[in-house]
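One structure is given here, and the rest of the page talks about it.
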Amino acid sequence: MAAEPKFADNVFFVPDDQRVACNWGGYSIVEGTLNAMRFALHGTDRFFHYVIDISGAHYPIKSNAEIRAYLAQAPHKIYMQSQNQAIHAPLPEMWNYHIECDDAVHRIGRLVEPRGIEMFMGSQWFSVPRHFAHWLLWDDLPTKYSHYARHVVVADENFFATMARNSPFCGDIVTKNGVYLHFDRWENLKAEEFARDVDRRKCLSRDPTHCGRSPTT
């Protein structure tokens with residue numbers, strides 16, 4: 001029998017019962033991120049000041065000491081790339097009701113705008129202080145909004161930006177996340193290229209040639 005893999009004592013994995021199978025564009029990405037935050041706050045005995053959310057493809061180009069020194073300059077700041085203007089009129093062709101089923105996201109109808117809150121869009125990757133992570137997990141607003149956000153397409157880019165902009169800490173937002181991204185051109189492909197090159201799991205709009213994008217490798 002193969003030996004169990006060994007890791008450094010500062011590497012942790014979310015327990016199996018808290019792991020989430022994620023779909024591109026689905027609320028499952030939000031759920032998985034929140035579960036990781038919850039485990040970080042209460043699943044270990046380690047203390048930290050910041051939660052940095054990045055993908056498995058991110059590669060740090062600064063040392064731990066440089067990152068720590070940068071965040072320590074203003075330890076209450078929320079580093080999150082997001083819009084400064086609220087979404088006052090979502091495009092009808094984009095704002096649809098989605099559900100996740102059978103390892104995919106499905107568009108099933110029109111989604112009405114929420115009442116009493118302004119929505120924002122932003123990057124799903126961010127660096128946030130411990131107190132904001134705690135607020136995301138246990139305040140009433142994120143809990144209530146999650147029931148709406150789970151039907152929004154690309155919910156991760158909606159949920160975290162919307163919550164940050166509507167939180168008591170909105171004045172602490174720095175609209176950059178310290179991450180360099182370069183996107184491909186799938187949304188701009190010509191019709192004859194579409195069928196060959198596109199990932200159809202990202203075609204969630206009513207227009208079958210309008211698909212989402214991911215960063216290039």
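Heavy-atom accessible area per residue, the range 39-160, 1.4 Å probe: how many Å²?
60
Between Asp17, Asp172, Asp103, where does the largest GNM mean-square fluctuation fall for the chain, given springs only between Cα atoms within less than 10 Å?
Among Asp17, Asp172, Asp103, the largest GNM mean-square fluctuation belongs to Asp17.
(i) -0.52, -0.69; (ii) -0.30, -0.46; (iii) -0.41, -0.61: which one is log10 I(q)/I(0) by the Debye sum over Cα atoms at q = 0.09, 0.11 Å⁻¹ as calculated from this entry?
(iii)
Assuming R0 = 30 Å, can you tell me the calculated FRET efficiency for the pair Thr44 and Ile67, based on Cβ-Cβ distance, to the nearest 0.05?
So, using R0 = 30 Å, E works out to roughly 0.90.
Taking the full set of protein chains and a 1.4 angstrom probe, give the accessible area of Ile61 in square angstrom, rounded to the nearest 10.
150
Name the residue, out of Phe159, Phe12, Phe126, whose mean-square fluctuation peaks in a Gaussian network model built on the chain with Cα pairs under 10 Å.
Sorting by GNM fluctuation, first place goes to Phe12.
Quick test of your reading: applying the under-4.7 Å Cβ rule, which cysteines of the chain are isolated?
Unpaired cysteines in the chain: Cys22, Cys101, Cys170.
Within the range 88-126, report the trypsin sites (Lys or Arg not before Pro) that DSSP leaves as loop and that have at most 13 other Cβ atoms within 10 Å.
Answer in residue order: Arg115.
Name the residue, out of Glu118, Glu157, Glu93, whose mean-square fluctuation peaks in a Gaussian network model built on the chain with Cα pairs under 10 Å.
Highest fluctuation among the options: Glu93.
Multiply the residue gap between Val112 and His76 by 0.36 nm, knock off their C-alpha separation, and tell me the result in nm, one decimal place.
Full extension from Val112 to His76 adds 9.5 nm.
How much of the accessible area of the range 32-94, probe 1.4 Å, is carbon plus sulfur, in whole percent?
The value for the range 32-94 is 57 percent carbon and sulfur by accessible area.
The values are calculated or read from the model by the stated rules, or taken from the named source; none is laboratory data. As the structure is a prediction and not an experimental result, all values here were calculated from the model. For neighbour counting, all protein chains shown are included, and Cβ atoms are generated from backbone atoms with ideal geometry for every residue, glycine included. Surface accessibility is based on the protein's heavy atoms, side chains included, excluding ligands, DNA and RNA. Shrake-Rupley method; radii C 1.70, N 1.55, O 1.52, S 1.80 Å.
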